[in-house]
Structure formats: structure tokens, C-alpha cells
Amino acid sequence: MRISTTTLESFRLFRDEDWMSEQELIDSISGKFVPNHKVFLGSAFGKVLETPDAYKVRSGYQCGDFAFGDDVMGPALAVIDRRGVFEAKGTKRYGDRDVVAKADHLLGARLSEFKTTLSTFDFDKYAASCQWRFMTDIFEPA
């Protein structure tokens, strides 16, 4: 059996928080994921982080329907070491299960995850996540 850290985290959020309906969880596990505005926003933001030159426009960045000003992207782009690998994939066996993860950015022993939000970042929600725990076990960052 193969399962992604994203699916495991979705199950945890379903179980522990009022994050999605049971049918939405079943659809997610079945691969019937329907992206929404937040997903499209996060994807656009990630694409700009990966290849900013491809999306550069006057005083900012444009990716599809999303525009990000230099004031938004500049600080994030300033701390990303371009020598790293974006969307790095890893797999580790746990018993008879393969758990797969995709790190947003990996440089040597440094693992980075990029998060977007339309509100204040919820550290406690992220800290409780099983996704980053599996990722640190799979990638073994410093």
C-alpha cells in the first residue's frame, strides 16, 4: 500500500478538527480532489517561488489569474537558495506501507515547506501536523 503524507494529514484533520466532511475525505483518498481558490493560490505562489523569472512582470509577478507584488514575493525569494531542488520526492517504508512525501524545497540537509494563507498563519495547526513529522523522518533534514 502506498499513501501520501498529504492524505495522512487530511485524515488527521478530519479526525481531530472540523476540516472536511467524510465524503470530502473519501473523495480525496479516491483521487477525486476538486481544487478551490485557496489551492490555486498556493499553486501559483509555489510556481513563482520555483521559477520567478518565468512569472516576472513590472513591479511583481503574474501566474495565471494571480498577481503578487514585489513586496510580497521579494522577502520570500530572498531567503530561497536557488541551488536547492523544488518539489523533491521521497518514499519510506513503514511496515508493509510506503509513505510518500513531496518537499517544497530541499537543499542538502535543509528541508523547507512554503505555506500560503488568506488569514493569519496558524502555528498550532501546523505544529500538530503529521505531514511534517513524516517528511522529517523520510528526508532526515538537519
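The values are calculated or read from the model by the stated rules, or taken from the named source; none is laboratory data. Being a predicted model, the structure only gives us computed values, none of them experimental. Positions of Cβ are backbone-derived with ideal geometry, glycine not excepted, and every protein chain shown enters the neighbour counts. Accessible surface is based on the protein model in full, side chains and every heavy atom, while ligands, DNA and RNA are left aside. Shrake-Rupley method; radii C 1.70, N 1.55, O 1.52, S 1.80 Å.
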| said: Within 10 Å of each candidate Cβ there may be at most 12 other Cβ atoms; applying that plus a DSSP loop requirement, which trypsin sites (Lys or Arg not before Pro) in the range 1-98 survive? | reply: LYS32, ARG58, ARG82, ARG83
| task | Could you tally the net charge around ARG15, taking each other residue with its Cβ under 11 Å from the Cβ of ARG15, Lys/Arg +1 and Asp/Glu -1? | result | -4
| query | Given only helices, namely DSSP H runs of n ≥ 4 each adding -39500 (n - 2.57), what is the per-residue ellipticity at 222 nm of the chain, to the nearest 500 deg cm²/dmol? | reply | -12000 deg cm²/dmol
| query | Lysine pairs in the range 23-142 8 or more apart or on different chains: how many have alpha carbons under 21 angstrom apart? | reply | 16
| said: Per residue, how much accessible surface does the range 1-115 expose to a 1.4 Å probe? Answer in Å², no decimals. | reply: 65 Å²
| field | Farthest toward positive dipole pole in the chain [+1 Lys/Arg, -1 Asp/Glu at C-beta], among MET135, LEU8, ALA109 | value | ALA109
| note | If each K or R counts +1 and each D or E counts -1, the residues other than THR91 whose Cβ falls under 15 Å of its Cβ total +1
| task | Evaluate the relative contact order of the range 67-110 (contact order divided by residue number), counting alpha-carbon pairs under 8 angstrom at least 6 apart; express in whole percent. | result | 35 percent
| field | Share of carbon and sulfur in the accessible heavy-atom surface of the chain [1.4 Å probe, %] | value | 54 percent
| query | In percent, how large is the relative contact order of the range 1-132, given Cα pairs closer than 8 Å and 6 or more residues apart? | reply | 28 percent
